[in-house]
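Some notes on the structure that comes next.
The values are calculated or read from the model by the stated rules, or taken from the named source; none is laboratory data. Keep in mind that what you see is a predicted model, and the values were worked out from it rather than measured. Note that each Cβ is placed from the backbone with ideal geometry, even for glycine, and that neighbours are counted across all protein chains shown.
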């Protein structure tokens, strides 16, 4: 089974399609952009931008027009506009699936503790996944008391200032430590988080893949 079919089954948009959509969108927004600007905007190497630009030009999605000082203007062709519309629809479809999956996973992970009257939750992880998890938590009538993310301390997330692990000091401050992202990606470990949860009499619940 090829990667594209695997992505479809897992509810994930194909990476090539994501990159092409990002490029077509960026070019639509700024036709006189440069490969360096595209690299910065998309957060990828210039070489990768160059490779994908050659691909979408070859496919007839984009054409170029020579400007002064060796600059180029990138223009979407009718075929490119049609492809951008198709990929945008596909992106929205997969985004909806992703949102449903996150909310379903959080509800499945936390629901068993509702029967015990446990209401207070702490998130480990921030960003988009925390925002989606917050919707599920509110639907269940739970209270989010803190958001922990060692990589984004001091920033805001779902009406909370993000804290470090060191802020977890009081026993009983929450009932559930809901882990939304891999601890390894945050320079922590699952063993460490489980120990902290146990020390503070919190239930450790993981819903990241």
(Q) Between 137, 147, which is part of a helix (DSSP H, G or I), crowded, with 16+ Cβ neighbours inside 10 Å, in the same structural domain as residue 176 (by TED's automatic domain parsing) and in contact with a strand residue (DSSP E or B) (Cβ under 6 Å, 6 or more places away or on another chain)? (A) 137
Q: Identify the single condition in (1) at pLDDT 85 or above; (2) over 23 Å from residue 95 (Cα atoms) that residue 157 does not satisfy, given that it satisfies every other one.
A: (2)
Q: Return yes when residue 103 is under 19 Å from residue 205 (Cα atoms), out of contact with any helix residue (DSSP H, G or I) (no Cβ under 9 Å at 6 or more places or on another chain), at pLDDT below 85 and surrounded by fewer than 20 Cβ atoms within 10 Å (Cβ to Cβ) and no when it is not.
A: no
Q | Counted residues, segment 175-195 - those being part of a helix (DSSP H, G or I), modelled with pLDDT of 85 or more and surrounded by 18 or more Cβ atoms within 10 Å (Cβ to Cβ) | A | 1
Q.
Whether any residue in segment 86-93 is buried (at least 17 other Cβ atoms within 10 Å of the Cβ), touching a helix residue (DSSP H, G or I) at 6+ places or on another chain (Cβ under 9 Å) and in contact (Cβ under 8 Å) with a residue 12 or more places away in the chain is what I want to check.
A. yes
